Amino acid sequence: MTNAACGRATGRRHRAALLPLAALLLSAVAAACSDPRARTDTAPPSSPTRAAAHPRDLVGAWESARPGSNTTLAYRFTEENKYKYIGLLTYSMGAEGTYELTHIVEGTYEASADSLTLKPRSATVTRKNPENPERDHTNKPVPLETQHYRWTVADGKLSLVHRDGAEFDFSWVSR
């Protein structure tokens, strides 16, 4: 088996193992940002024939986890213009165990028809490295950085394009 094929097979095994963790993270985002007054519809925002034109189309939980990737990103946007972000990076270190890096950000957002500004109130990173456990940390505060994106929603997909050109695509999960 080639190295590339081994990497793909290993990635699939680890991805399968990460799915329950990603679901748990999304549940945590949903619980942390839930509002009993929030809408309870189960259809994804925006019609399939138009891009989002209103900030309410952002409201809900969104996930980005590409097949074979060791990274999962998730956002939860509320009607009260609050958001929570969770980024999870994991990969196997063989017999040593699994490296994990979790980035959690909470704050407020401002959205117009195509512009999204994320203003964090808190941001932390948790690191677990079995090869270097003495440098591990839990919920270590990190600098707060306002983020600016262009955004669209269509067909249950959220596209965020950062000012530097980096593009992130998310799938709608729930309200």
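The values are calculated or read from the model by the stated rules, or taken from the named source; none is laboratory data. If you're wondering where the values come from, they're calculated on a predicted model, not measured in any experiment. Please note: Cβ atoms are built from the backbone with ideal geometry, for glycine as well, and neighbour counts cover all protein chains shown. Heavy atoms of the whole protein, side chains included, go into the accessibility calculation; ligands, DNA and RNA do not. Shrake-Rupley method; radii C 1.70, N 1.55, O 1.52, S 1.80 Å.
Does region 133-146 contain any residue that is more than 30 Å from Thr98 (Cα to Cα) and either of a type in the set (A, V, I, L, M) or out of contact with any helix residue (DSSP H, G or I) (no Cβ under 9 Å at 6 or more places or on another chain) (or both)?
yes
Would you confirm whether any residue within region 93-106 is in a strand (DSSP E or B) and closer than 21 Å to Arg56 by Cα? Steps first, answer last, please.
If we filter region 93-106 for residues that are in a strand (DSSP E or B), which is where we start, we get 98-106.
Narrowing the set further to residues that are closer than 21 Å to Arg56 by Cα leaves 105-106.
Checked against the condition, which is being in a strand (DSSP E or B) and closer than 21 Å to Arg56 by Cα, region 93-106 yields at least one hit.
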Problem set entry | Of all residues in region 91-103 being open to solvent by less than 50 Å² (accessible area, probe 1.4 Å) and modelled with pLDDT of 95 or more, the one that is nearest to the chain's Cα centre (by Cα) | Thr102
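Output the residues belonging to region 112-171 that are closer than 23 Å to Pro67 by Cβ and open to solvent by 80 Å² or more (accessible area, probe 1.4 Å). Break it down into steps so the answer makes sense when it comes.
Keep residues of region 112-171 that are closer than 23 Å to Pro67 by Cβ, which gives 152-162, 166-171.
Answer for region 112-171, where residues must be closer than 23 Å to Pro67 by Cβ and open to solvent by 80 Å² or more (accessible area, probe 1.4 Å): Asp155, Lys157, Glu167.
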Problem set entry | Those residues of region 53-67 which are at pLDDT below 90, open to solvent by 30 Å² or more (accessible area, probe 1.4 Å) and closer than 15 Å to Leu88 by Cβ, in sequence order | Arg66
Seminar exercise, completed: Given the conditions (1) without any contact (Cβ under 8 Å) to a residue 12 or more places away in the chain; (2) under 17 Å from Thr146 (Cα atoms), every one holds for Ala95 apart from (2)
